[in-house]
Amino acid sequence: MAEAMGLRWCLKWIKELNMQDNIVVEMDSELVVKCVRGTLSQIEIDVIVADCVSLLSSLCNINVVVVRRSKNRVAHGLVGMARNVGTNLWWGNVPEAVTSICCNDFNSMKE
């Protein structure tokens with residue numbers, strides 16, 4: 001459930017920022033990726049997966065892939081940030097630290 005909700009949040013964020021330039025979303029949840037691709041169904045997350053599929057259909061050049069946990073650098077960066085921030089919640093815009101982690105990781109992949 002948490003992985004599917006995280007994917008939905010990520011896709012909404014991509015859409016809100018109007019980022020349409022060959023984006024790869026890395027996940028370590030093979031189950032969620034299979035559900036999004038339609039090769040598996042998990043009733044507990046079907047509604048969230050349907051939202052993700054709908055968002056993906058409205059975006060161009062977005063690919064959702066499975067990576068091993070040890071290779072998911074953005075997730076590790078977010079965990080590190082969460083350890084520093086603690087259990088504080090935010091409403092509205094994504095905290096700059098999250099954007100920084102994602103953008104820095106993306107830039108390092110381009111190099």
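Nothing in this text is a laboratory measurement; each read-out follows from the coordinates by a stated rule. Everything numeric in this text was worked out from a predicted model, so none of it was measured. Cβ atoms come from the backbone with ideal geometry, glycine included; neighbour counts cover every protein chain shown.
Tell me which residues, restricted to the range 17-36, are closer than 15 Å to Asn61 by Cα and without any contact (Cβ under 8 Å) to a residue 24 or more places away in the chain.
Once the filter is applied, which keeps residues that are closer than 15 Å to Asn61 by Cα and without any contact (Cβ under 8 Å) to a residue 24 or more places away in the chain, the range 17-36 yields Leu17, Asn18, Met19.
Just name the residue that is surrounded by the most Cβ atoms within 10 Å (Cβ to Cβ) out of those in the range 14-28 that are more than 14 Å from Ser54 (Cα to Cα) and within 11 Å of the chain's Cα centre (by Cα).
Only one residue fits best here, namely Met27.
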